[in-house]
Amino acid sequence: MRDRIKLLTFKLEESFTLTVIRHGLAMMIPFVLTGAMTSAILNFPVEAYQNAIAGSSFAAVLETIYNGTYGIFSLAMLIMLCASYCMERNMTVDKAAFFLVVGLGAFGVQLYPSGWEFCVDMVGVKGCFFAIFTALIACRLLEWLQDVPLLRLRKYTHGMEGIYSIAISRIFPSMVVIGLFAIATQLILVGFHVNNMYDLVSGCLCGMFDYVSSEFGKGLLYAILVHVMWIFGLHGSHILEPVATTNFAVGVPGEIFSKSFFDIYVVMGGCGTTMCVLLALFLFFRKKRMHNLAKLASFTVVFNINEILTFGIPIILTPVLAIPFLLTPVFCYVTAYGATALGLVPPVTQEVIWSTPVLFSGYLATGSIRGSLLQLFMIVVGIFIYLPFLRLNIKVQERYAKEQMDKIVQILQEKEEANESVDLLSQSNRVGQISRVLCHDLEMAIEQDKLFMLYQPQVDSDGVCIGAEALLRWNHPLYGFIYPPLIIYLAKEGGLLEALERRIIDKTVASIAEVQKVCGGEFKISMNLTAKSLLWDVEGCIAETLIKYDVPASKLWIEITEQDVLSKTVSIDDKLQRLKDAGHVLMIDDFGMGHTSLVYLQSNHFGVVKLDGSLVRDISENKTNQDIVSSIVDLGEKLNVRILAEFVEGEKQRDKLLELGCKWYQGYFYNRPIPLDEFETYMKEHR
């Protein structure tokens, strides 16, 4: 069963449509919270507070904000979903704009079903189902139709300015999409004899409850339907508002269930009884990434606003969490109904606004502390209902994330081996989606200083530690340790390279200062820069950082990978020469892989070359590699260039390299990349 859930989750994660819905709804969070928090402040259930704000400008502003957000809720949702669709397809802004406009047109024809009368209900929260459906279908249709040659009017767009060409080519596809929605709307309204689309849905929903005779059954059906809708990203309580108004009222003699009963007992913290989720994350997941999400959501969940949790974890469209999301409210409903029917708690006699905080709402609605105690009991049980599913969901997410990351790394490595460039961010598939998320996270990690350095010792033939290479690392909260070259590729594509390298320079120079205090003596630490680093004022940044930490340039060596082709321009040559003149030793990394190796040596800028790992790994058996390394060593001696071998993992490799004349080594035979404090200890032991 667990494996089936994992498989289903993987398939849903791969679904383009569900990704569009999930991301579109997530982008709604600021909009939704603005309206919801305004409502909570406006309706805070304290009589003295309500008397104080009654008729005031403060209350008028709050009402304006609420009506200005929830009053156009479905319209905003449509825009966000169309935007999400275009983002997942990685469309440019000019092309995406047409999808937004056509989506609005397709939704607009449903707002004027009779041609003149405007359907207000469809614009607010009650029309969110139609907004989601319209956005997805309209974007799919437009995407398909715009590639139909007959509709593109190509012969009329030749020679036009770009935006006019795009606009002309979208005329017929836009007309067809909007026209189809208009025709479908009219056919449905005539066929079902209703005035508008919302009346059709509300009528069907209310009709379902006519077939349920018992009050308990109606309440249970209501609770289930609301949460099933929420699982698919629909605001069920808003869609079912006609049902609640028609069937459930507070204070009806002999009846237990009401809308207030539902608000105080079934949706504590928001739909899905998300108060249980919040507390479970706080109590049992302190070291997980979702703990930070819980901190962010805590204030809103107190007022029964759950969007940060439901969209952030996410819960919606997630099979693993859909089970407790439905099971916990059903348990709360049955428990609260039974406790009230048995007289263990007083019935709900006071109507309480949905945003009233938990425990407080139980007391206000029943006039008894027993209402609050019942809430507390159900929350505790709900935590343990959610707990195993939350743990399983984390495992499923981590496994899926690892598989996706392995795919991206494999693509990158294949491109590296073929010496081809790779463009990750512009891809419209899952690789592109994850890469864009990672790029955004990388920007945040740079700003918040979440990246760190490890140091791999470098040792000479006498076993003396001569220094280390500083290696960049990023431990992503979901994807784990990111393949280091991927960090650089993302930084290059995302325009983050300068900011990233400033961090690397600062951390490396700061580490030299620390080692200098603890160990003293002669040593160096090298750092990696890309060829693109020479296109910004990297030398100025390095000079300022050396002054900041009082570190001599001779202790900071600079590695430039041989895979990065250096532009042979006067300005680049001048920068390299100035770095060398300042006292830095320049190193060629991965020497021997590409066609530029000898050109670099010819420039006379570089004092050290690092042998590529492909030459070192099987050096003890591979005669060809031995000859190549021997030639490189001989050439290095003639040019006064030192040779350092990477990926030295065994004694046989080291001995063969020494025999060939290579006397500096780096690799797991000596040590793995280690934190700075461990490197300081290593240096003390290998002086």
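Annotations
- The value of relative contact order for region 78-125, using C-alpha pairs under 8 Å at least six residues apart, is 31 percent.
- Rolling a 1.4 Å probe over the protein heavy atoms gives the chain an accessible area of 45 Å² per residue.
- Among the listed pairs 507/652; 507/663; 507/555, a Cα-Cα separation exceeding 23 Å is found for 507/652; 507/663.
- Since only 500, 512, 534 are under comparison, the one whose Cα sits farthest along the positive direction of the charge dipole of region 490-564, derived from C-beta charges on Lys, Arg, Asp and Glu, is 512.
- Among the protein heavy atoms of region 39-123, carbon and sulfur supply 67% of the accessible surface, probe 1.4 Å, non-protein parts ignored.
- Put a dot 7 Å past the Cα of residue 391, heading toward its Cβ, do the same for residue 341, and the two dots end up 3.4 nm apart.
- Cα centroid of region 488-539 to Cα centroid of region 333-392, whole Å: 56
- Take every Cα pair under 8 Å whose residues are at least 6 apart in sequence, average their separation, divide by the length of region 204-363, and the relative contact order is 29 percent.
- Placing a label point 7 Å from the Cα of residue 623 along the Cα-to-Cβ direction, the residues of region 648-662 whose backbone N falls under 18 Å from that point are 656-657, 660.
- Label-to-label distance for residue 373 and residue 402 is 4.7 nm, based on points extended 7 Å past Cα in the beta-carbon direction.
- Candidates per trypsin sites (Lys or Arg not before Pro) in region 439-528, loop by DSSP, up to 16 other Cβ within 10 Å: 450
- The residue list 647, 308, 120 was ranked by how far each Cα lies along the charge dipole of the chain toward its positive end, using unit charges on Cβ atoms, and 120 comes out on top.
- Computed magnitude of the charge dipole of region 435-523 (debye, nearest 20; Cβ of K, R +1, Cβ of D, E -1): 260
- Linear extension gain, residue 516 paired with residue 677, 0.36 nm per residue minus alpha-carbon span: 56.7 nm
- Compared with the alpha-carbon gap, the fully stretched path from residue 50 to residue 669 is longer by 215.5 nm at 0.36 nm per residue.
- Measuring nothing but how far apart in sequence close Cα pairs (under 8 Å, 6+ apart) lie, relative to its length, the chain scores a relative contact order of 9 percent.
- Within the chain, the whole DSSP H helices whose Cα atoms reach 30 Å or more along their own axis and whose mean Kyte-Doolittle score is at least 0.0 are 171-192, 319-341, 369-417, 497-518.
- Extension gain, residue 298-residue 572: 0.36 nm per intervening residue step, less the Cα-Cα distance, totals 93.4 nm.
- DSSP loop chymotrypsin sites (Phe, Trp or Tyr not before Pro) with at most 15 other Cβ within 10 Å excluded, longest remaining stretch of the chain: 233-535
- Of the GluC sites (Glu not before Pro) found in region 395-473, the ones in coil according to DSSP and having at most 12 other Cβ atoms within 10 Å of their Cβ are 420.
- Which of 145, 336, 109, positive extreme of dipole for the chain (C-beta unit charges): 336
- FRET efficiency estimate (nearest 0.05) - Cβ-Cβ, residue 440 to residue 195, R0 41 angstrom: 0.35
- Computed [θ] at 222 nm, deg cm²/dmol, the chain (DSSP H ≥ 4; -39,500 (n - 2.57); rounded to nearest 500): -19500 deg cm²/dmol
- Reachable lysines from residue 295, criterion Cα separation under 25 angstrom, eight or more residues apart if same chain: 287, 395, 450
- Whole-percent pair-distance distribution, where bins are 10 Å wide, for the alpha carbons of the chain: 3, 12, 18, 19, 15, 13, 10, 7, 3, 0, 0
- In this rough spin-label picture, where each label sits 7 Å from Cα along the Cβ direction, the residue 208-residue 614 distance is 6.1 nm.
- Using Cβ point charges alone (K and R +1, D and E -1), the dipole size of region 247-365 about the Cα centre works out to roughly 660 debye.
- The antiparallel fraction among DSSP beta bridges confined to the chain stands at about 40%.
- Estimated from the Cβ-Cβ distance and a Förster radius of 51 angstrom, the FRET efficiency linking residue 549 and residue 167 is about 0.35.
- Cα centre as origin, Lys/Arg/Asp/Glu Cβ charges: the chain dipole, Debye: 1220
- Qualifying GluC sites (Glu not before Pro) in region 49-121, DSSP loop, other Cβ atoms within 10 Å at most 11: 117
- Portion, in percent, of the accessible area of region 413-472 that falls on carbon or sulfur, probe 1.4 Å: 43
- Reported to the nearest whole Å, the Cα centre-to-centre distance from region 76-133 to region 452-476 is 55.
- Each Lys or Arg adds one and each Asp or Glu subtracts one; over the other residues with Cβ under 13 Å from the Cβ of residue 195, this totals -3.
The values are calculated or read from the model by the stated rules, or taken from the named source; none is laboratory data. Keep in mind it's a predicted model, so treat the numbers as computed, not measured. No Cβ is skipped: glycine too gets one built from the backbone with ideal geometry, and neighbour counts run over all protein chains shown. Quick note on the areas: whole protein, heavy atoms, side chains included, nothing else; ligands and nucleic acids left out. Shrake-Rupley method; radii C 1.70, N 1.55, O 1.52, S 1.80 Å.
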